[in-house]
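All remarks here apply to the structure that follows.
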Amino acid sequence: MKKTIIFAMLIAIMIVASPVSAQTIVKGNVVNERGEGIEYVSIGFENDSVGVISDAKGHFELTIPAGRKDELSFSHVSYLNAEVSYEEYAKKDKLTVVLKDKVVELAEVVISKKNKPKTIVGKGIPAPGLVGTSGQGSNLGPEGGVAFSCKRSYVISDILVKISSCTFKQCKVSINIYERKGKQFVNIHQKPIYETLTNDKSKYILDIRPEENIVLKPKTDYYVSIRVVDGFGKNGFLYLNAYMKNGLYRNAVKGKTKKLPVCPAIQVKGYEIEQ
């Protein structure tokens, strides 16, 4: 039987138990400036493993252990981050958080007609086992991926993920490309990248072609990852092929990072940008 490494097991390492009687339970809804619910917002504390993801309609419920009185952070790739003070979220029965739209100038790139996509990251020795993640609803495991940098400027053409199997009847995954600035992870795309997976097929390559120009700069640290953001109320596992290359994992919401000697089989291809 192949050995399987489950991302969700890392939560046991990351989370420290706290007395139930002193917990703070925060319930609420995240909306945009038009009053529309925002799906899959990351809600938690920076560099902490306490957090949750809002559901498809923007609703959330978060249990905060005793002693945590920091600002609660709300982030989504398409909106500006927002922070809510302890004094505000601890005293309200239901919290409504409004995120403002990002105003971003789209990157202009020039690509030669003779240019063919090149592999930027993803080549590696196949690992003997699999990596996977599990969860139910917003109670999900960490995101997993690989850190990389490139010597030249590229615009991403494809993100390829080797799926081994999916036991969810249906789940939604999120692909994220971050620029790493010390301990901070900053999304470099302006639109979320979601894919809905089902258990009707196995051992295939998920080929994601971003709708926007995602530009990678030379001598810059990046991190590309995958995570399950919605299990649609059901338990399940998503298994991915693995490479013998250092992988980087973190709690699905702003958590501390953890290194492992294997990473998900994620490949990034792109067109070199003319200077």
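Suppose the filter is open to solvent by 50 Å² or more (accessible area, probe 1.4 Å) and closer than 22 Å to GLN267 by Cβ; does ASP158 pass it?
On the way: open to solvent by 50 Å² or more (accessible area, probe 1.4 Å): no; closer than 22 Å to GLN267 by Cβ: yes.
Answer is no for this residue.
Working only within the stretch 36-84, note down all residues that are aliphatic (A, V, I, L, M) and within 20 Å of LYS94 (Cβ to Cβ).
So the first thing to find is which residues in the stretch 36-84 are aliphatic (A, V, I, L, M), and the list is 38, 41, 43, 50, 52-53, 56, 62, 64, 66, 72, 77, 80, 82, 84.
ILE38, VAL41, ILE43, VAL50, VAL52, ILE53, ALA56, LEU62, ILE64, LEU72, ALA82, VAL84 - these are the residues of the stretch 36-84 that are aliphatic (A, V, I, L, M) and within 20 Å of LYS94 (Cβ to Cβ).
List pairs: first residue in the stretch 59-82 and within 20 Å of GLU36 (Cα to Cα), second residue modelled with pLDDT of 90 or more and of a type in the set (Phe, Trp, Tyr) anywhere in the structure, Cβ distance under 7 angstrom, at least six positions apart or on different chains.
ASN81/PHE74; ALA82/PHE74
Does ASN29 satisfy the condition of being part of a loop (DSSP other than H, G, I, E, B), open to solvent by less than 80 Å² (accessible area, probe 1.4 Å) and touching a residue at least 40 places away in the same chain (Cβ under 8 Å)?
Values: part of a loop (DSSP other than H, G, I, E, B): no; open to solvent by less than 80 Å² (accessible area, probe 1.4 Å): yes; touching a residue at least 40 places away in the same chain (Cβ under 8 Å): yes.
No; evaluated as a whole, the condition is false for this residue.
If we keep just the residues of the stretch 208-219 that are out of contact with any Lys or Arg (no Cβ under 7 Å at 6 or more places or on another chain) and surrounded by fewer than 14 Cβ atoms within 10 Å (Cβ to Cβ), which is farthest from HIS59 (Cα to Cα)?
Taking the stretch 208-219 as the starting set, the residues that turn out to be out of contact with any Lys or Arg (no Cβ under 7 Å at 6 or more places or on another chain) are 208-210, 213-217, 219.
Checking which are surrounded by fewer than 14 Cβ atoms within 10 Å (Cβ to Cβ) leaves us with 209, 219.
Working: ARG209: 29, LYS219: 39 Å.
Result: LYS219.
Yes/no matrix, rows are residues, columns are (1) within 28 Å of VAL103 (Cβ to Cβ); (2) in contact with a Pro (Cβ under 7 Å, 6 or more places away or on another chain):
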{"position": "ILE163", "(1), (2)": "no, no"}
{"position": "ARG180", "(1), (2)": "yes, no"}
{"position": "PHE185", "(1), (2)": "yes, no"}
{"position": "SER225", "(1), (2)": "yes, no"}
{"position": "TYR249", "(1), (2)": "no, yes"}
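Can you run down the residue pairs with Cβ atoms below 9 Å, 6 or more apart or on separate chains, where the first is in the stretch 142-169 and in a loop (DSSP other than H, G, I, E, B) and the partner is surrounded by 22 or more Cβ atoms within 10 Å (Cβ to Cβ) and among the basic types (Lys, Arg)?
These pairs meet every condition: PRO142/ARG227; PRO142/ARG250.
Is at least one residue of the stretch 133-151 modelled with pLDDT under 75, at positive phi and in contact with a helix residue (DSSP H, G or I) (Cβ under 8 Å, 6 or more places away or on another chain)?
In the first step, residues of the stretch 133-151 are kept if they are modelled with pLDDT under 75; the result is 134-141.
After this cut, where a residue has to be at positive phi as well, the list is 135, 137.
Subset that is in contact with a helix residue (DSSP H, G or I) (Cβ under 8 Å, 6 or more places away or on another chain): 135.
Among the residues of the stretch 133-151, at least one is modelled with pLDDT under 75, at positive phi and in contact with a helix residue (DSSP H, G or I) (Cβ under 8 Å, 6 or more places away or on another chain), which makes the answer yes.
Name the residue that is surrounded by the most Cβ atoms within 10 Å (Cβ to Cβ), counting only residues in the stretch 231-244 that are modelled with pLDDT of 90 or more and not hydrophobic (A, V, I, L, M, F, W, C).
From the stretch 231-244, those modelled with pLDDT of 90 or more are 238-244; that's our starting set.
Those left that are additionally not hydrophobic (A, V, I, L, M, F, W, C): 239, 241, 243.
Values: TYR239: 23, ASN241: 18, TYR243: 21.
Here the answer is TYR239.
Evaluate the following for VAL110: is it β-branched (Val, Ile, Thr), assigned to a loop (DSSP other than H, G, I, E, B), on the phi < 0 side of the Ramachandran plot and touching a residue at least 60 places away in the same chain (Cβ under 8 Å)?
Yes.
Go through the stretch 44-88 and tell me which strands (runs of 3 or more DSSP E), entirely inside it, have 2 or more residues that are open to solvent by 20 Å² or more (accessible area, probe 1.4 Å). Before you say what the answer is, go through the steps one by one.
On the way: elements: 51-53, 59-64, 72-76, 79-84.
In the stretch 44-88, the matching strands (runs of 3 or more DSSP E) lie at 59-64, 79-84.
Which one of these is within 21 Å of LYS118 (Cα to Cα), without any contact (Cβ under 8 Å) to a residue 60 or more places away in the chain and either surrounded by fewer than 18 Cβ atoms within 10 Å (Cβ to Cβ) or touching a Cys at 6+ places or on another chain (Cβ under 6 Å) (or both): GLU195, GLU179? Quick ask: steps written out before the conclusion?
Working: GLU195 fails: within 21 Å of LYS118 (Cα to Cα).
Matching residue, one of GLU195, GLU179: GLU179.
Mind telling me which of the residues ILE163, ILE159 ends up being closer than 21 Å to THR220 by Cβ and modelled with pLDDT of 90 or more? Let's see the steps before the verdict.
Numbers: ILE163 fails: closer than 21 Å to THR220 by Cβ.
Only one candidate qualifies: ILE159.
Check LYS102, LYS123, LYS116, LYS94 and return the single one that is modelled with pLDDT of 90 or more and either surrounded by fewer than 20 Cβ atoms within 10 Å (Cβ to Cβ) or within 22 Å of GLY51 (Cβ to Cβ) (or both). Spell out the reasoning first.
On the way: LYS102 fails: modelled with pLDDT of 90 or more; LYS123 fails: modelled with pLDDT of 90 or more; LYS116 fails: modelled with pLDDT of 90 or more.
Step by step, each of LYS102, LYS123, LYS116, LYS94 is checked, and only LYS94 is modelled with pLDDT of 90 or more and either surrounded by fewer than 20 Cβ atoms within 10 Å (Cβ to Cβ) or within 22 Å of GLY51 (Cβ to Cβ) (or both).
The values are calculated or read from the model by the stated rules, or taken from the named source; none is laboratory data. None of these values were measured; they are calculated from a predicted model. Don't worry about glycine lacking a Cβ; one is built from the backbone with ideal geometry, like all the others, and counts go over all protein chains shown. Ligands, DNA and RNA are excluded from the accessible area calculation, which covers all protein heavy atoms including side chains. Shrake-Rupley method; radii C 1.70, N 1.55, O 1.52, S 1.80 Å.
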